[in-house]
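*Asks:* Below you will find the structure I want to go over with you.
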Protein chains: 2
Amino acid sequence: MLPWWMKWLLFICSRDGGRTMKTDRTDDRAAPHAVIDCDIHHDTGMGRIKPYLPRAYRELTDAYGNAVPGGDPRDGVADVQTLRQAYLDERPLACGILTGTNYGVQAAPNYEYAVELCRAINTYTVDHWLGEDARLKGSIIIPKQQPVYAAKEIDRMAPHPGMVQVLVSNGAFMPYGNRFYDPIYEACERHGLPLTIHAGMEGVGINNPMTGVGYVTTRAEWIFSRTQVMMAHVASMIFEGVFERFPTLRVVLQEAGVFWIVPYLWRLDQDWRGLRVQTPWVKRFPSEYFREHFRITTQTVELPNNANLQDELLRQIDAERTLMFASNYPYGDEAAQAAIWSNERDSLKRQVMGNTAAELYGI
Amino acid sequence: MLPWWMKWLLFICSRDGGRTMKTDRTDDRAAPHAVIDCDIHHDTGMGRIKPYLPRAYRELTDAYGNAVPGGDPRDGVADVQTLRQAYLDERPLACGILTGTNYGVQAAPNYEYAVELCRAINTYTVDHWLGEDARLKGSIIIPKQQPVYAAKEIDRMAPHPGMVQVLVSNGAFMPYGNRFYDPIYEACERHGLPLTIHAGMEGVGINNPMTGVGYVTTRAEWIFSRTQVMMAHVASMIFEGVFERFPTLRVVLQEAGVFWIVPYLWRLDQDWRGLRVQTPWVKRFPSEYFREHFRITTQTVELPNNANLQDELLRQIDAERTLMFASNYPYGDEAAQAAIWSNERDSLKRQVMGNTAAELYGI
């Protein structure tokens, strides 16, 4: 007999809608804590948002097709009804945070166009999703190419109670610690919203090539580059003093793995000791900034081949405070998600499955 | 009383020439295995190599100063006499591998000029170093900007018995798995020489910006980017099939840390399972290629804050077969080097301190 949470995880992550586990559903719903899924991709592609664009841009897409870098490689969930039937109503979810698709809008060279695309995505999300199901929360997509415009879009959308975070793609043309981005973080602090860095758009559009040595050849290398890029953002935000300038800012790292952070924080702590004379505004160990200011989601976690090692690594990242469940629905990797938890303690699971996200997002 | 090897490490790595430990030197020399140091930086800057340049380029540097990207930020050891007195004669070294300075020659836009600079460095190293002390071995510096020229330089220098590897900087404009570099690997295989990727020149000259999201601001971030770049090279070489095309090629990773490889290999193995249909030429688990084809040196190792964890991580990288001692003399970080070994077993230390390098380099 599998433990309840293992069944639950297999259940929630199974792509067949959980039909094989339905007989146990009553047990699962009796789980003693609320489950929050931090990453559900609803379709915010051009096919959905076009009615929300100004006429000039609608005509542009009529004439030239989908004029967004990176295209819409995957569609996400089409509408609320589909999400309810396939996922929400089938699982014991207290809350699902929508993260959209079409992040290429943040890699468009024309930031005036990006502003309109982001406005369309956010208004569409409120109109067609947040108003339809109280379990759903939204992410504010911003034209991060031009931070002053991005801050205006945060100011416009943050008053909606369903909007719980600001979302930027991992791909960028400059690391996120640069003062260039300060207007975005000011707006996040002003409204008490976390910033989520979600994997995607590395090397696309106006973004830098996806590795520190240029473009890669294969899709696998591109996926691995996501971790490298996230490492660059983490170092940049800590060492350029973002958390001294914005002491209440919280940052969520989505979909570039989990355990890479352990040896990386050792490296950061070690070299900070030797080099801190050059960055006097960094007042604490990098690992302290990390544990206070960063959260990291479970998709897609690396699978240690050794249970003791996994447990120690979870301790090293202070998983009870930093790790949050994300399914990446409808693209999740159920095998990885299920395997990681097979030996973990209940107190940790409660935190990861909902408590940490509830606290972060004020849900 | 410290164990012999701990004293030896403190001794060999101490910047004061080991004077504080001299009373124990006889014990240290009785160490039961040969020690090979894989990374000693001798000065190959313009001040040393200029007499070996063609007249046109000598005049160029007379007129414009040191026309090499990145300059010569650190000098390395001036000459053999200095190295003998300060390091070689003071320590129980069987062999030291010279790695030079001035890697900016590999980031120069003008590859015709880079060819002459590399020829000058290599000839200077043979004339002034390898001929002077039989314990010293050399690295062939190549104009990697233009692989066909690089292969010619390997062919020119490889017959010298003191030349034991080919050296490229970590910084590059294209990841090292790209077929662009194949002439270099053909030459390495032809002469049975390993390729060393040594940290440096990330984001300098014609190289790509040092992270997958562009240039960084602080020196600390630049140092952290080295690990990210090395991750890109490792994925690129494995997933673009370098080791299927060149099955005897060995690659040494120098000076970008050690333990980052553990979660990274989990990631590579996991995603290879899902994506291998797109890279059918990758026939084995990435971690298998790593253990067979890569070696990694101890400088600068991350310091786990937990002895059991360190031991498990050393097992994960198969340290007895893959890890090799490098002091990075005269810049080494003795504290990190000494701390890492305080709980390790003798069989591992023998491998790391010399046996693995002896086998790799045929010493």
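Any read-out appearing in this document is the output of simple, stated calculations on the displayed coordinates, not a laboratory observation. Please read all numbers here as calculations on a predicted model, not as lab measurements. Please note: Cβ atoms are built from the backbone with ideal geometry, for glycine as well, and neighbour counts cover all protein chains shown.
*Asks:* For the range B:43-176, would you read off the P(r) tail past 19 Å as a percentage of all alpha carbon pairs?
*Replies:* The proportion of pairs with Cα distances above 19 Å equals 48 percent.
*Asks:* I would also like to ask the following. Pick out the long, greasy-scoring helices in chain B: whole DSSP H runs spanning 18 Å or more along their own axis by Cα, mean Kyte-Doolittle at least 0.5.
*Replies:* Helices meeting the span and hydropathy rule in chain B are B:219-239.
*Asks:* Need one number: % antiparallel among DSSP beta bridges in the range B:33-361, to the nearest 5.
*Replies:* Percent antiparallel among DSSP bridges in the range B:33-361 is about 5.
*Asks:* I've got another one for you. Given bins 20 angstrom wide, list per bin the percent of all Cα-Cα distances in chain A, short to long.
*Replies:* 30, 60, 11, 0
*Asks:* Sort the protein assembly as shown into rounded, prolate or oblate with this rule: let a ≥ b ≥ c be the square roots of the eigenvalues of the Cα gyration tensor; rounded if a/c is under 1.5, and if a/c is not under 1.5, prolate when a/b is larger than b/c, oblate otherwise.
*Replies:* prolate
*Asks:* Please check: in the Gaussian network model of chain B (C-alpha springs, under 10 Å), which one of B:Gln254, B:Gln278, B:Gln81 has the largest mean-square fluctuation.
*Replies:* Answer for the Gaussian network model of chain B: B:Gln278.
*Asks:* Which one of B:His42, B:Gly96, B:Ala150 has its Cα pushed farthest toward the positive end of the charge dipole of the range B:33-361, where Lys and Arg give +1 and Asp and Glu give -1 at the Cβ?
*Replies:* B:Ala150
*Asks:* Taking amide H positions as placed in the peptide plane 1.01 Å from N, state which residues far from B:Leu323 in sequence (5 or more) or on other chains have amide H under 5 Å from it.
*Replies:* Under 5 Å from the amide H of B:Leu323: B:Ile296.
*Asks:* For peptide A:279-287, what's the mean number of Cβ atoms from other chains within 10 Å of each residue's Cβ?
*Replies:* Rounded to a whole number, the mean comes out at 1.
*Asks:* Follow-up. Nearest 5 percent is fine: what portion of the DSSP beta bridges confined to the protein assembly as shown is antiparallel?
*Replies:* 5
*Asks:* For a test of understanding, tell me how many lysine pairs in chain B have Cα atoms under 23 Å apart, given they are 8 or more places apart or on different chains.
*Replies:* Close lysine pairs found across chain B: 9.
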